[in-house]
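A quick write-up on the structure given underneath.
The values are calculated or read from the model by the stated rules, or taken from the named source; none is laboratory data. Here the structure is a predicted model, which is why all the values come from computation and not from measurement. Note that each Cβ is placed from the backbone with ideal geometry, even for glycine, and that neighbours are counted across all protein chains shown. The accessibility values were calculated without ligands, DNA or RNA, using every heavy atom of the protein model including side chains. Shrake-Rupley method; radii C 1.70, N 1.55, O 1.52, S 1.80 Å.
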Amino acid sequence: MSVRGSGVDEVVGCLPLKLVVGYRSVDSGGYLGSIMLVMDSRFTQQELPACKPILTPRWVISAFMLVSIVFIPIGLASLFASRDVVEIIDRYETDCIPQALRNDKVKYIQGPEDKTCNRTLRVPKRMKQPIYVYYQLDNFYQNHRRYVKSRSDKQLKDPKSENDVSACKPEDATPPGSNPIVPCGLIAWSMFNDTYSFSRNSEQLPLNKKGISWKSDRQHKFGKEVFPKNFQNGTLIGGAHLNSSIPLSEQEDLIVWMRTAALPTFRKLYGKIEVDLQANESIEVQLKNYYNTYSFNGKKKLVLSTTSWLGGKNDFIGIAYLSVGGLCFVLAMAFTIIYLVKPRRLGDPSYLSWNRNP
Amino acid sequence: MRGGTGKGIHFSKLYSFSCFRSKFEDEHGQLGQRGYSRIVYCNDPDNPEAVQLKYRGNYVSTTKYTALNFIPKSLFEQFRRVANLYFLVVACVSFSPLAPYTAVSVLAPLLVVIGATMAKEGVEDWRRRKQDIEANNRKVEVYGKKAFNETRWKNLRVGDLVKIYKDEYFPADLLLLSSSYEDGICYVETMNLDGETNLKLKHALDETASLRDVSSFQNFKSTINCEDPNERLYSFVGTLYYGGQQHPLSLQQILLRDSKLRNTDYIYGVVVFTGHDTKVMQNATDPPSKRSKIERRMDKIIYILFSTLILISFTGSMFFGVETKNDIRVGELKRWYLRPDKTTVFFDPKRASLAAFFHFLTGLMLYGYLIPISLYVSIEVVKVLQSIFINQDQDMYYEETDKPARARTSNLNEELGQVDTILSDKTGTLTCNSMEFVKCSIAGVAYGRGMTEVERALAKRKRSRAHEVTDSSSDLPECDDHVVDSGKPVKGFNFRDERIMNGNWVNEPHSDLIQKFFRVLAICHTAIPDVRKESGEISYEAESPDEAAFVIAARELGFEFFERTQTSISLHELDHESGRKVNRSYTLLHVLEFSSARKRMSVIVKTVENQLLLLCKGADSVMFERLSKDGRLFLAKSMDHLNKYAEAGLRTLVVAYRELSDQEYKSWEEEFLQAKTSVSAARDALIDAACDKIERDLILLGVTAVEDKLQKGVPECIDKLSKAGIKIWVLTGDKMETAINIGYACSLLTKGMKQIVITLDSPDISDLEKQGDKESIQKASRESIAKQIGEAKAQIIARKESSVTFGLIIDGMSLDFALAKSLESSFLEVAVNCASVICCRSSPKQKARVTKLVKVGTGKTTLAIGDGANDVGMLQEADIGVGISGVEGMQAVMSSDFAIAQFRFLERLLLVHGHWCYRRITMMICYFFYKNITFGFTLFWFEAHASFSGQPAYNDWYMSFYNVFFTSLPVIALGVFDQDVSARLCLKHPLLYQEGVQNILFTWHRILGWMLNGVISSMIIFFFITNSTISQAFRRDGHLVDYEVLGVTMYTCVVWAVNCQMALSINYFTWIQHFFIWGSIAFWYTFLVIYGALPPKVSTTAYQVFVEACAPSPFYWLATLLVVVSMLLPYFAYRSFQTRFKPMYHDIIQRRRSEGSEADVSAELPARVKEKIGHLKERLKHRES
């Protein structure tokens, strides 16, 4: 695009002729007009200096080139960053049910059987600490309007507001109408309760569960003096139980869970492993498969992942950058060729015709 | 008694005024019946019977609202707009649990929008009210308790007796009782009513004319029985019961409100109609509210969006219903975490269809962002600002009258850019309506050296052709003009010839004829002199400006008409021999008045020498055949001159005289008086026949040429407008010859044009007319017109291939038939195929009908321009009415949409402002839809991933601020400031205007293109963001994208993309645009930081989200960059290809401008600037030396 600070048209405006401006009575422009009187006459005459960008071939080609020059390196860098990330994904929701009971998974998960399940993960590449441990749920609508609204921020923050449970129905009080549940609502009630513990060569791998939630949540959204009360005391038990002697601000699993996911497939941070894992090492996971995703056919995955400067493993952004950059490059080339093969002066007056009868 | 100028004159006895006696006798029979039942108790308003009638007071209110009804009425007006009503319903429903967001966040923007519009309405109405208060509180003298006491207008009652002084306005419709003149006449200026500047004579009944003393009113009691209030300005039916007798009343005795008393010291009158009953107020219908085509199409788009809204809500609720139903299957909870077993009706699987229905309502609210709430108010704001720019334009400011252009309604700004046909009045619009005596030919010698506009135009055209060869000698005519142009200019007189000026005529060969010639001009007229006592200067009140020009010319040449009595006319004449001024008085015997049929007027006078003279002036067509054999001495030469004058666009009259012998006069007078006193229906015909007998054997004196001066720059302007492809029709009341002359003068008609004349002025018709059978005339006329139109059609078709252009000229009579239902369409077809159309002798009603025909028949935008009250109908009928705020009063301006001071400003108004406004508004609307669709559809895509539960993707306040803060100001800047090409280039390339006429910036193709772009943008935003964040960490510390972060990221992309799209599509970047566009984006981040810093109770999901989560993440910034660039890519690529392969006209001009070398530019610099540069250079040289 061509950018001209003071184009051709301003020549007239710059001459002293135009500056002889006889302002009229206020009546001419009304009340707003009188404000404008104070302003520059070039403003009222719509002759302010301006740049007037035009899509000339040169500017089009330059713009496309610029985009491709910027985008392709970014794309490559993102792609490399994503490739550097090592990720182990273990889908276990079916495997952790004994073969015999797999035809009625819901019954199994609601039953009293021991839910322990041992998994072995192989480390494909060296993983540098910190290694983030996530659980991933599928087909779980944490963004459902009924679900999102079913919480009481006031109650979570302030011990005095423990009766503020109107939004939490039906998980507001137990029995309904008497003792308020803290934390109330469907979100807290349905909290994820599978547990994982990791060991390497029969040696326990320490899992750091501190600092997995947002700092602002811990400090400002969940109160230090708010303790769980009447939680999971109802007839229908949803998910995890909470230790009623620990204040909510320290219940990081709850805080992570309460920060609802945007999409029905989501991961949540479970903890951090703060030792390096070597390639081809085997990690044993002892997990308790408590959480019922079988009712709605949800998948459950355990994910161990390192991070790069760009975050986790996802090639999409790199590929997108590369394709947009590449597309721009192609377009730039196409325009260059068109311009070279068939240059056409748009300014040619012979093109100045108007089809009067369309 | 005040004044004495009128003493002793009984104008009623002057024959020239006899025509004012009109014939209303037939209608008087209807009195007392329906529509004619008003009774006025004169001078007795307190009469119990009068009080019982309860006529309205004289208080006048033109406001739309009162203090009481302002709120409800203006609210009602607001919610008549579908979109506003929708938002109101949404706001109400948002208090229910159905709402996907908090009620306040919906209500706040709605209140802002409605409040702004209401404030605008309020301010406008307040101004009207101030005007009303002024009018209602004017003072007037009312009779009561034996004296006249001052009171206010608003306190007047029907039956009050009032006294009005010179130059005061009449406060109500009055019955004239008497005046300062003995015979009860008075002069009235009706400029505010019909725009005519000449004075009208009103005449009291002889019976009441004697009531001239205050004391005489003490016993004055009478009643008036008259018509009910109506809007007919030109009729009045009533009877005065006075002194035990009935006296029929006519319009002659009625003084209308808003007209002004002139040349009369005072009058007494009785109030007949008050306030809103007055004829003026009855006439003041609300001007039809006009809406632009763009706005009408915009409504359709809104409906499309509504349908889309319903469609996607419906789709959403279908899916939602199915999914909700599936939540419990065979007693088993599927999505147990939603507790479908214990839920509200909105999510109840057992009543899934009901839940789906409620969800549908929720969806209507959620996707409401498809419909831009701020669109109407933004457009209104933009239009008001545009109007201010129009008002402020220095190039449309007329210094002489201190009048800027005024956009009286802001509704139609963009319509100015789409005008296809201009219908123009002639007098006062194309011309100045000031007649100037410029030339004459006396005894075969042409006098007068002034150059007329037309001659100048002709010379210029010749010169411009010559210009290409040589550049020199260009200023010759102007120089000539300057030499001659000495002495102070006299209005109505532009005659320069030293041969006969300053008394030099005595030395000319035919000095006696010259003397006679000017005597005729000084005597043969009906003007009234007005001598200013202090200076002795004489001015004239004449029926037409032509006549005034003649009297003035005679005065300037030494034949000063200074006094008229009922029987004589007195002149100051330069004596032939002594060279001194002497008084000469002529006894006025008869005035044979002018009529359009006679096309001439004569006076018969007796000189001091007892010579009887018939002095006559008239149109050449009737005059030449009346010349005597001896009188044809200079006929050939005079005709030659006359043709030349006519060609030069001048109005010509032939001047002749005749000496009468006593005997001849006597016998004729007898016959004439007999004819006058006859009461038969053929009275007029008899009089005409009598006149015809005496107006024969005339001796030709010469020819006058009066210039109906074209306004400055009219030919150039018309030329430009027709180059812009705008068709121009002239609708004039003038006669055909004049109209054609003016047509040539303002380059509407050209020499190469083939003229098609449709007229009834053929021998067959006039034969029939003589026979007087009305029906057969009608039939023959209709057939004749049909035939003529058919022929014209054939002609046009025959020459379609050749480059011949046609000009259609049609007269008023024919127009009547041509506008009949059966011929309408073929007439229109002919007219549309002609390059220019001139309708002459057309009445105001015909003007309006023609306008309507063009408007409805072609479906294109019409613009009517006029200056007088006779143009009001046309102005209101047309899509756009432009009033010329010139000399002819304010009536046209008051009913116009735009007012300009000069016709030539139309060029700038249309080509520059019209084009810009059209472009701005269309761009703005397209963009508005784009931005809202982009935003609305991201919500929909998100919904699809939230099982259509109605959860919005963004925080409530992000959403409600979207239209108000983050995206609206740049659009307004676009609507107010954008310009594709500068004003200079708009004028240089008038063809650019066709973009608006053909509406190529607002085709469905283009609108849907923008909408599609919006949908694509929303898809890019949503799918790029979700796919690149699908579930992995977005920061080094392993944190994941949750609902809050996703909302912020997507919203950031929307704000960036929508604003960058704006930056990409505007053509004109001043600091204002930069400020608004980048400011909006910056404001979004500022808002995020501030809103995020508020306690979590207020900020909810936005708490700290930017500072803590997004800003430190490189991913957030990279995703923004990626999405924004890829969103702009489709549009950018499309535009690149389009400007390369199928450039629009403005693209070409922009390219030329940017490629234009500086050399090219300097050649194009206006001459003025060049001159200035020249001066500067010279001055520099002087300094150096």
The condition of being open to solvent by 10 Å² or more (accessible area, probe 1.4 Å) and of a type in the set (K, R) holds, among B:K847, B:K852, only for B:K852
Does B:L385 satisfy being out of contact with any strand residue (DSSP E or B) (no Cβ under 9 Å at 6 or more places or on another chain) and open to solvent by less than 50 Å² (accessible area, probe 1.4 Å)? yes
Of the residues in the stretch B:1005-1058, those that are facing chain A (nearest Cβ under 10 Å), under 27 Å from B:P1096 (Cβ atoms) and in contact (Cβ under 8 Å) with a residue 60 or more places away in the chain come to B:I1025, B:T1026, B:T1029, B:F1034, B:R1035, B:H1039, B:E1044, B:V1045, B:L1046, B:G1047, B:T1049, B:M1050
Go through (1) crowded, with 17+ Cβ neighbours inside 10 Å; (2) within 40 Å of the chain's Cα centre (by Cα) one by one and return the number of the condition B:S1126 breaks. (2)
Going by the structure shown, is B:L1118 open to solvent by less than 50 Å² (accessible area, probe 1.4 Å), modelled with pLDDT of 90 or more, over 55 Å from the mean Cα position of the chain (by Cα) and facing chain A (nearest Cβ under 9 Å)? yes
Is it fair to say B:T862 is open to solvent by less than 10 Å² (accessible area, probe 1.4 Å) and touching a Lys or Arg at 6+ places or on another chain (Cβ under 7 Å)? yes
Of the residues in the stretch B:313-358 that are outside any helix (DSSP H, G or I) and of a type in the set (S, T, Y), the one that is surrounded by the fewest Cβ atoms within 10 Å (Cβ to Cβ) is B:T344
B:S289 being more than 12 Å from chain A (Cβ to nearest Cβ), farther than 24 Å from B:P109 by Cα and modelled with pLDDT under 85: yes
Would you confirm whether or not the stretch B:297-309 contains a residue that is under 33 Å from the mean Cα position of the chain (by Cα), under 30 Å from B:E380 (Cα atoms), of a type in the set (V, I, T) and crowded, with 16+ Cβ neighbours inside 10 Å? yes
I'd like to verify a number: residues in the stretch B:537-554 that are in contact (Cβ under 8 Å) with a residue 24 or more places away in the chain and over 12 Å from B:A705 (Cα atoms), how many? 10
Candidate set: the stretch B:1133-1166, residues that are modelled with pLDDT of 85 or more and more than 7 Å from chain A (Cβ to nearest Cβ); chosen: the one nearest to the chain's Cα centre (by Cα): B:Q1138
Identity of the residue in the stretch B:341-380, within 14 Å of chain A (Cβ to nearest Cβ) and of a type in the set (S, T, N, Q), that ends up farthest from B:Y930 (Cα to Cα): B:T343
Filtered residues of the stretch B:379-437 (kept if touching a Leu at 6+ places or on another chain (Cβ under 8 Å) and under 20 Å from B:I972 (Cα atoms)): B:V384, B:L385, B:I388, B:I390, B:L416, B:G417
Could you tell me whether the stretch A:89-103 includes any residue that is within 11 Å of chain B (Cβ to nearest Cβ) and at pLDDT 80 or above? yes
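This table checks each residue for (1) within 30 Å of B:L176 (Cβ to Cβ); (2) among the small types (G, A, S).
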position: B:V51; (1), (2): yes, no
position: B:P72; (1), (2): no, no
position: B:T102; (1), (2): no, no
position: B:G122; (1), (2): no, yes
position: B:R129; (1), (2): no, no
position: B:R138; (1), (2): yes, no
Among the residues of the stretch B:297-319, is there at least one that is under 28 Å from A:D172 (Cβ atoms) and within 14 Å of chain A (Cβ to nearest Cβ)? yes
Looking at B:C834 and the list (1) open to solvent by less than 30 Å² (accessible area, probe 1.4 Å); (2) out of contact with any Phe, Trp or Tyr (no Cβ under 6 Å at 6 or more places or on another chain); (3) not in a strand (DSSP E or B), which single condition is not satisfied? (2)
Within the stretch B:1124-1151, the residues that are among the hydrophobic types (A, V, I, L, M, F, W, C), closer than 20 Å to B:E995 by Cα and part of a helix (DSSP H, G or I) are B:F1137, B:F1141, B:I1148, B:I1149
Take the residues in the stretch B:144-183 that are within 18 Å of B:D213 (Cα to Cα) and assigned to a loop (DSSP other than H, G, I, E, B); name whichever of them is most open to solvent (accessible area, probe 1.4 Å). B:K145
Can you name the residue in the stretch B:965-1004 that is without any contact (Cβ under 8 Å) to a residue 60 or more places away in the chain and more than 8 Å from chain A (Cβ to nearest Cβ) and, of all such residues, is surrounded by the most Cβ atoms within 10 Å (Cβ to Cβ)? B:T1003
Which one of these does B:G1174 not meet: (1) modelled with pLDDT of 75 or more; (2) within 27 Å of B:A983 (Cβ to Cβ)? (1)
Taking the stretch B:265-278 and the residues there that are surrounded by fewer than 24 Cβ atoms within 10 Å (Cβ to Cβ) and touching a strand residue (DSSP E or B) at 6+ places or on another chain (Cβ under 9 Å), the one that is modelled with the highest pLDDT would be B:Y266
Residues within the stretch A:40-58 that are buried (at least 17 other Cβ atoms within 10 Å of the Cβ) and assigned to a helix (DSSP H, G or I), tallied: 4
State the number of residues belonging to the stretch B:388-412 that are open to solvent by 30 Å² or more (accessible area, probe 1.4 Å), part of a loop (DSSP other than H, G, I, E, B) and of a type in the set (S, T, N, Q). 3
If you go through A:Y321, A:Y291, the only one that is within 7 Å of chain B (Cβ to nearest Cβ), out of contact with any strand residue (DSSP E or B) (no Cβ under 6 Å at 6 or more places or on another chain) and open to solvent by less than 10 Å² (accessible area, probe 1.4 Å) is A:Y321
In this structure, does B:S602 turn out to be open to solvent by less than 30 Å² (accessible area, probe 1.4 Å) and polar (S, T, N, Q)? yes
For the stretch A:231-241, the count of residues that are buried (at least 20 other Cβ atoms within 10 Å of the Cβ) and either modelled with pLDDT of 90 or more or of a type in the set (A, V, I, L, M, F, W, C) (or both) equals 2
Every listed condition ((1) modelled with pLDDT under 90; (2) open to solvent by 50 Å² or more (accessible area, probe 1.4 Å); (3) more than 8 Å from chain A (Cβ to nearest Cβ)) holds for B:T1101 save (2)
Kindly state which helices (runs of 4 or more DSSP H) lie completely within the stretch B:635-739 and contain at least 2 residues that are open to solvent by less than 30 Å² (accessible area, probe 1.4 Å), of a type outside the set (S, T, Y) and closer than 30 Å to B:G873 by Cα. B:714-723
